[in-house]
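Participant: Here it is, the structure in full.
The values are calculated or read from the model by the stated rules, or taken from the named source; none is laboratory data. Predicted, not measured: the structure shown is a model, and the values here were computed from it. Using ideal geometry, Cβ is built from the backbone for each residue, glycine included, and neighbour counts are taken over all protein chains shown.
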Amino acid sequence: MSQKALPKILITGATGQVGNKTINFLLSNSDVEIIAAVRTSEKAKPFTALGIKTVILDFDDKNTHLPALEGIDRILIVTGYTVDMLRQSKVLLDNAKKAGVKHVVHLGACGPDNTTVGHWAWHQLVERYIEWCGFTFTHLRPETFMQNLLSYGGKKAITNGVINAYIEGARLSWVDVEDVAQVAAIALQNPELHSGKTYRLGYDACSFDDLAVKMTSIIGKPFRYEALSPEIFLQNMIEAGAEMAYMGCVYEHWKRYAAGTIPGADETFDNFEGITGKEPTKWNDFIEKHKAELNY
């Protein structure tokens, strides 16, 4: 009797934080086959070295989609930080439908269904398209990544104990990227248990002043928060040549955080233990875990 083929899971964004950590969680499961989607053969090398299969998939090159999706049962979709994510997601989903993909786990953004924050709403449009296409689905809506305290936009977020951010004294809801990846992996492994679910992922609420106090206590060196105007962020993005349709939305949401006009900005959730059987990462644990990186 022939052996039953293992479900094939395609991970997009495999070289990024969430995608890469999702693969790490999936590696312990011998009941699924993992395929990492990469844009170039060079980016495939680290995965090949670990015995992980790879395919070439470029969101902007539709000719790579169907070959990459051949035989795939489940997919994690992680797009980049540009308005192109809308077109990229639609075209990829259209091709996933043609290829016979059954379950889609989508990495979205913060907010309830009635959000008015621009780039969060874009992700919700993608969610609706996933549903309209007829896939079974799990929508992930992480709050602010704790890893943003380590670096943001490719730059260190803290310099000599000084934290800079653009939100005045606002409290945010935070989540460890590893916790997001763990939920993604579980949803990909057990779609029958997580189909039709929207998981909002945020488990500790803190302001940057709160974080400075926690880091001072845990690391044993002084930390302090200096708020910056969102206008500085906007100018930095313009000077860096960033894609401004997306970064303009980010600028607007920094302003709204600072003004306290984003409802539920510090809302936290109690779903993590039910999904994973574990407690989510809280700030004290995160700071302790990343002590060496945060020290100066």
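Participant: With respect to A212, determine if the residue is touching a Lys or Arg at 6+ places or on another chain (Cβ under 9 Å), over 22 Å from N295 (Cβ atoms) and at pLDDT 95 or above.
Facilitator: When the stated conditions are applied, A212 does not pass them.
Participant: On to the next question. How do the helices (runs of 4 or more DSSP H) wholly within segment 16-104 filter down when requiring 2 or more residues that are among the small types (G, A, S): which remain?
Facilitator: Filter on segment 16-104 gives 41-49, 84-99.
Residue-wise test of (1) in contact with a strand residue (DSSP E or B) (Cβ under 9 Å, 6 or more places away or on another chain); (2) under 25 Å from T115 (Cβ atoms); (3) of a type in the set (K, R).
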site	(1), (2), (3)
K197	yes, yes, yes
S207	yes, yes, no
K214	yes, no, yes
M244	no, yes, no
N271	yes, yes, no
E279	no, no, no
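Participant: Further question: Whether any residue in segment 102-124 is over 30 Å from E267 (Cβ atoms), out of contact with any strand residue (DSSP E or B) (no Cβ under 8 Å at 6 or more places or on another chain) and without any contact (Cβ under 8 Å) to a residue 24 or more places away in the chain is what I want to check.
Facilitator: no
Participant: Right, here's the next one. So is D266 surrounded by 14 or more Cβ atoms within 10 Å (Cβ to Cβ) and farther than 20 Å from L140 by Cβ or not?
Facilitator: It is false that D266 is surrounded by 14 or more Cβ atoms within 10 Å (Cβ to Cβ) and farther than 20 Å from L140 by Cβ.
Participant: Scanning for something farther than 28 Å from L76 by Cβ, free of Cβ contacts under 8 Å to residues at least 24 places away in the same chain and aliphatic (A, V, I, L, M), does segment 225-236 turn up at least one residue?
Facilitator: For segment 225-236, residues farther than 28 Å from L76 by Cβ, free of Cβ contacts under 8 Å to residues at least 24 places away in the same chain and aliphatic (A, V, I, L, M): present.
Participant: Now for a different question. Of all residues in segment 178-204, which are of a type in the set (D, E) and free of Cβ contacts under 8 Å to residues at least 24 places away in the same chain?
Facilitator: Once the filter is applied, which keeps residues that are of a type in the set (D, E) and free of Cβ contacts under 8 Å to residues at least 24 places away in the same chain, segment 178-204 yields only E192.
Participant: Another question, if that's okay. Give the residue that is farthest from T268 (Cα to Cα), with candidates limited to residues of segment 204-254 that are surrounded by 13 or more Cβ atoms within 10 Å (Cβ to Cβ) and among the charged types (D, E, K, R).
Facilitator: My answer is E243.
Participant: Now, a different point. Any residue that is touching a Leu at 6+ places or on another chain (Cβ under 7 Å), part of a loop (DSSP other than H, G, I, E, B), more than 15 Å from A157 (Cβ to Cβ) and in contact (Cβ under 8 Å) with a residue 60 or more places away in the chain - is there at least one of those in segment 285-294?
Facilitator: no
Participant: When segment 246-269 is examined, which residues are found to be in contact with a strand residue (DSSP E or B) (Cβ under 9 Å, 6 or more places away or on another chain) and at positive phi?
Facilitator: G264, the sole residue that qualifies.
Participant: Among the residues of segment 43-59, are any under 17 Å from Q189 (Cβ atoms), surrounded by 15 or more Cβ atoms within 10 Å (Cβ to Cβ), of a type in the set (S, T, Y) and modelled with pLDDT of 95 or more?
Facilitator: No: zero hits.
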